Amino acid sequence: MSKNMILCVDDDVTILNALKDMLTKNLGGTHSIEIAETGQEALDICQELKELGKEFCLVISDFIMPSMKGDELLVNIHAISPDAVKIMLTGQSSVEGVKRAINEANLYRFMEKPFDNSDMMLTVRSAIQSYEQSRELELRNRELEEINNHLEQLVQERTSELNQSLKIIRKDLQLAKKIQKSILTVNPELQKILNIQSAYIPMAEVGGDYFDICQIGESIYRFFLADATGHGVQAAMVTMAIKGIFDNVKTVISDPALVMQSFNNEYIEKYRSLNTYLTAIVIDLDVKEKSISYASAGHPSAVLLRQDGMHVLGHTGKMIGILKDAKFSSAKFEFHMGEKLVFYTDGIFEQFNEKREEYGEERLHSLFSQHLHLTLAELIQCCLNDLDQFLDGLEKQDDLTMLGVAFH
């Protein structure tokens with residue numbers, strides 16, 4: 001490995017040689033010491049090194065020299081080797097010269113002649129350490145840049161591997177947004193059978209809400225809605241884990257309560273180290289029996305809207321990720337033509353206006369009760385409009401998802 005180099009500049013050859021000998025002796029041969037008697041000679045040496053792809057780690061220059069003063073020299077050296085640490089020596093203080101060296105050459109220290117040898121060596125060692133730390137930081141930054149570039153390449157190559165997306169979408173928000181948008185859609189074929197309405201509004205480019213709608217039997221359609229803690233990329237990556245687990249159980253387990261139990265255990269086994277939790281609700285709609293069965297893991301209450309009013313579907317178990325082998329129960333209700341089922345994440349009501357007033361679940365429920373006559377699409381849009389009016393232009397503070405289902 002080549003030695004780091006130090007340049008000493010002084011028109012007094014005696015001082016110059018003494019400085020070189022002192023540095024050589026005290027640095028134990030770890031650095032190569034170069035000398036120059038004039039500013040121009042020093043600049044020529046620096047330029048030659050630059051052409052070779054090298055630079056001095058430290059430049060020690062006298063201030064008072066013929067033809068070119070120390071401040072002008074250090075400014076010129078800074079233009080050639082901005083990373084080099086600079087020390088200026090003088091027996092005749094010049095405030096303006098020191099100011100210029102500080103402002104235009106990033107002067108490390110100004111020392112008066114005659115200098116104390118111990119103080120000089122302490123300063124030199126400190127300057128060398130500063131240079132080496134800067135180089136180390138630059139090296140680490142380059143390594144991080146290479147790692148980032150590698151991760152971005154992985155994102156492009158493995159977008160279809162959703163079960164591994166926790167590792168690959170953190171550095172590419174735009175790609176993550178496309179992935180999430182493609183997942184959070186309603187199959188048009190299902191909409192031919194049922195009136196399904198959805199609204200998904202992430203707080204940032206991507207969010208922590210996830211939903212899935214699928215057919216699990218001849219006449220049974222399963223709705224799943226989950227809300228991961230947190231926001232943005234971190235929460236979005238958790239939704240990929242949610243999708244991976246739910247895809248494994250959604251069509252093989254019939255009872256919504258057992259779906260929740262299996263989901264909870266697998267989530268804890270795989271992702272306990274993430275220290276993240278989520279609420280979720282599973283709703284099975286049997287179009288033949290005209291009934292709904294559901295299980296809720298700490299999720300905001302779904303609402304069943306009938307002509308006689310609003311009925312709340314409360315929790316049937318704890319949040320996902322808290323306790324392994326947690327028990328969940330399910331409940332069943334009749335569901336007929338003309339009735340509407342609406343469920344959502346807490347982002348629809350945990351929103352605050354400029355007065356720090358919360359929109360609140362009570363206001364949302366009141367809105368449902370007042371607008372039972374609206375169609376499903378009109379009702380969901382009414383809720384979104386009312387929230388926007390409440391916020392009065394303020395940005396939403398949480399991801400928001402609303403789903404609704406009714407018979408055509």
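The values are calculated or read from the model by the stated rules, or taken from the named source; none is laboratory data. Owing to the predicted nature of the structure, the values given are computational and were not obtained by experimental measurement. Positions of Cβ are generated from backbone atoms using ideal geometry, with glycine treated the same way; all protein chains shown enter the neighbour counts.
Let's see how each residue does on (1) over 21 Å from Met240 (Cα atoms); (2) of a type in the set (Lys, Arg); (3) at pLDDT below 95:
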position: Ser262; (1), (2), (3): no, no, no
position: Lys270; (1), (2), (3): no, yes, yes
position: Leu274; (1), (2), (3): no, no, yes
position: Ala280; (1), (2), (3): no, no, no
position: Ser291; (1), (2), (3): yes, no, no
position: Ser296; (1), (2), (3): no, no, no
position: His299; (1), (2), (3): no, no, no
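List the residue pairs whose Cβ atoms are under 8 Å apart, where the first residue sits in region 378-397 and is more than 16 Å from Val342 (Cα to Cα) and assigned by TED's automatic domain parsing to the domain that holds Met203, the second is assigned to a loop (DSSP other than H, G, I, E, B) and among the small types (Gly, Ala, Ser), and the two are 6 or more positions apart or on different chains.
none
Filter region 200-255 down to residues that are of a type outside the set (Asp, Glu) and part of a loop (DSSP other than H, G, I, E, B), then give me how many there are. Quick ask: steps written out before the conclusion?
Step one: of region 200-255, the residues of a type outside the set (Asp, Glu) are 200-204, 206-208, 210-211, 213-217, 219-226, 228-246, 248-254.
Remaining after also requiring part of a loop (DSSP other than H, G, I, E, B): 202-204, 206-208, 216-217, 219, 229-231, 250-254.
Of the residues in region 200-255, 17 are of a type outside the set (Asp, Glu) and part of a loop (DSSP other than H, G, I, E, B).
Is there any pair with a first residue in region 286-311 that is under 22 Å from Ser262 (Cβ atoms) and a second that is part of a loop (DSSP other than H, G, I, E, B) and among the hydroxyl-bearing types (Ser, Thr, Tyr) whose Cβ atoms are under 6 Å apart and which are 6 or more apart or on different chains, and what are they?
Asp286/Ser219; Ser293/Ser330; Ala295/Thr316; Ala295/Ser330; Ser296/Thr316
Just give me the residues in region 309-360 being of a type outside the set (Val, Ile, Thr), within 26 Å of the chain's Cα centre (by Cα) and closer than 28 Å to Phe246 by Cα, in sequence order.
Once the filter is applied, which keeps residues that are of a type outside the set (Val, Ile, Thr), within 26 Å of the chain's Cα centre (by Cα) and closer than 28 Å to Phe246 by Cα, region 309-360 yields Met319, Gly321, Tyr344, Asp346, Gly347, Phe349, Glu350.
If a residue has to be assigned to a loop (DSSP other than H, G, I, E, B) and either over 13 Å from Asp308 (Cα atoms) or among the hydroxyl-bearing types (Ser, Thr, Tyr) (or both) to count, how many in region 337-350 make the cut?
First, pick out the residues of region 337-350 that are assigned to a loop (DSSP other than H, G, I, E, B): 337-339, 345, 349-350.
Going one step further and asking which of them are either over 13 Å from Asp308 (Cα atoms) or among the hydroxyl-bearing types (Ser, Thr, Tyr) (or both), we end up with 337, 345, 349-350.
Number satisfying all stated conditions: 4.
Suppose the filter is closer than 23 Å to Lys396 by Cβ and crowded, with 22+ Cβ neighbours inside 10 Å; does Leu184 pass it?
When the stated conditions are applied, Leu184 does not pass them.
Just a yes or no: is a residue in region 395-402 surrounded by 15 or more Cβ atoms within 10 Å (Cβ to Cβ) and either on the phi > 0 side of the Ramachandran plot or in contact with a Leu (Cβ under 6 Å, 6 or more places away or on another chain) (or both)?
No.
So which of Ser126, Ser61 is among the polar types (S, T, N, Q) and not in a strand (DSSP E or B)?
Matching residue, one of Ser126, Ser61: Ser126.
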